[in-house]
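Single-structure report; data block below.
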Amino acid sequence: AQSVTQLDSHVSVSEGTPVLLRCNYSSSYSPSLFWYVQHPNKGLQLLLKYTSAATLVKGINGFEAEFKKSETSFHLTKPSAHMSDAAEYFCVVSENNQGGKLIFGQGTELSVKP
Amino acid sequence: DAGVIQSPRHEVTEMGQEVTLRCKPISGHNSLFWYRQTMMRGLELLIYFNNNVPIDDSGMPEDRFSAKMPNASFSTLKIQPSEPRDSAVYFCASSPIQGMNTEAFFGQGTRLTVV
């Protein structure tokens, strides 16, 4: 069975400092992994995705994530936080034999202080 | 394309009433998902369809919930009778199947309040 664990329910950073949101996954097959962002009272937007190509994936708004199979991790990073990055972030796993079924982590709320 | 379209955006109903949520997926997408989001349980997959056929409904909480996809461009999620604990934001998402390595595209959600 596939699952995803986001290690922090809440992360707080100062504007201009690095962001690290942690995610570990469990999958029986070769997974696809995604990060989505949800701003308050909004829908979910794709930040980036890993689909067995390059292990370092670049997304929108300066975010990137690295797939590490040995650690079963897919942590999301950004070198310098901006106030507009404050939102809820979801790590998502999809097993490639499940027809696109997506399993979401519990989410990490990112706060950015001025 | 206008993206995934959900209606209504907000719904307030009394306990015991029937509620129907609607979704129009992105044209050409073969998979459709219904999710529920609450503070307590986060995002839960309720049911998903491939080519209009329900594949996995194990997330549907109980018999009061039902979902249909009569054609490739429309799906409904019905709750009958509704209860206060059904209050949540319900998201519909669609995805193209090819390669199965593709993301899902989400609608704006329907905020349901059952009083």
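The values are calculated or read from the model by the stated rules, or taken from the named source; none is laboratory data. As the structure is a computational prediction, the values presented were derived from the model and not from experiment. No Cβ is skipped: glycine too gets one built from the backbone with ideal geometry, and neighbour counts run over all protein chains shown.
The residue that is modelled with the lowest pLDDT, among those in region B:49-68 that are surrounded by 15 or more Cβ atoms within 10 Å (Cβ to Cβ) and farther than 24 Å from B:Thr38 by Cα, is B:Asn50.
Search region B:69-88 for residues being of a type outside the set (Asp, Glu) and surrounded by 20 or more Cβ atoms within 10 Å (Cβ to Cβ), and hand back the single one that is farthest from the chain's Cα centre (by Cα). Only one residue fits best here, namely B:Ser82. Within this structure, A:Lys42 fails the test of being without any contact (Cβ under 8 Å) to a residue 40 or more places away in the chain, crowded, with 20+ Cβ neighbours inside 10 Å and at the interface with another protein chain (Cβ under 10 Å from one of its Cβ atoms). Looking at region A:74-84, is at least one residue surrounded by 13 or more Cβ atoms within 10 Å (Cβ to Cβ), among the hydroxyl-bearing types (Ser, Thr, Tyr), within 13 Å of the chain's Cα centre (by Cα) and within 22 Å of B:Gly59 (Cβ to Cβ)? So far as region A:74-84 goes, no, none of its residues is surrounded by 13 or more Cβ atoms within 10 Å (Cβ to Cβ), among the hydroxyl-bearing types (Ser, Thr, Tyr), within 13 Å of the chain's Cα centre (by Cα) and within 22 Å of B:Gly59 (Cβ to Cβ). Within region B:56-72, identify whether any single residue is closer than 20 Å to A:Lys42 by Cα and charged (D, E, K, R), and answer yes or no. No, region B:56-72 contains no residue that is closer than 20 Å to A:Lys42 by Cα and charged (D, E, K, R). In region B:90-115, of all residues being crowded, with 21+ Cβ neighbours inside 10 Å and aliphatic (A, V, I, L, M), the one that is farthest from the other protein chains (Cβ to nearest Cβ) corresponds to B:Leu112. Are any residues in region A:49-58 closer than 21 Å to A:Tyr29 by Cβ and not in a loop (DSSP other than H, G, I, E, B), and if so, which ones? The answer is A:Lys49, A:Tyr50, A:Val57. Kindly indicate whether A:Ser52 is out of contact with any strand residue (DSSP E or B) (no Cβ under 7 Å at 6 or more places or on another chain), facing chain B (nearest Cβ under 8 Å) and either more than 20 Å from B:Leu43 (Cα to Cα) or among the hydroxyl-bearing types (Ser, Thr, Tyr) (or both). Yes: the conditions hold for A:Ser52. Could you please give the count of residues in region B:12-53 that are touching a residue at least 60 places away in the same chain (Cβ under 8 Å) and part of a loop (DSSP other than H, G, I, E, B)? Residues flagged as touching a residue at least 60 places away in the same chain (Cβ under 8 Å) and part of a loop (DSSP other than H, G, I, E, B) within region B:12-53 amount to 10. Taking the criterion of being more than 8 Å from chain B (Cβ to nearest Cβ) and at pLDDT 95 or above, the residues of region A:85-110 that qualify are A:Asp85, A:Ala86, A:Ala87, A:Glu88, A:Tyr89, A:Cys91, A:Thr108, A:Glu109, A:Leu110. When restricted to residues that are at the interface with chain A (Cβ under 10 Å from one of its Cβ atoms) and of a type in the set (S, T, N, Q), region B:42-64 contains 2.
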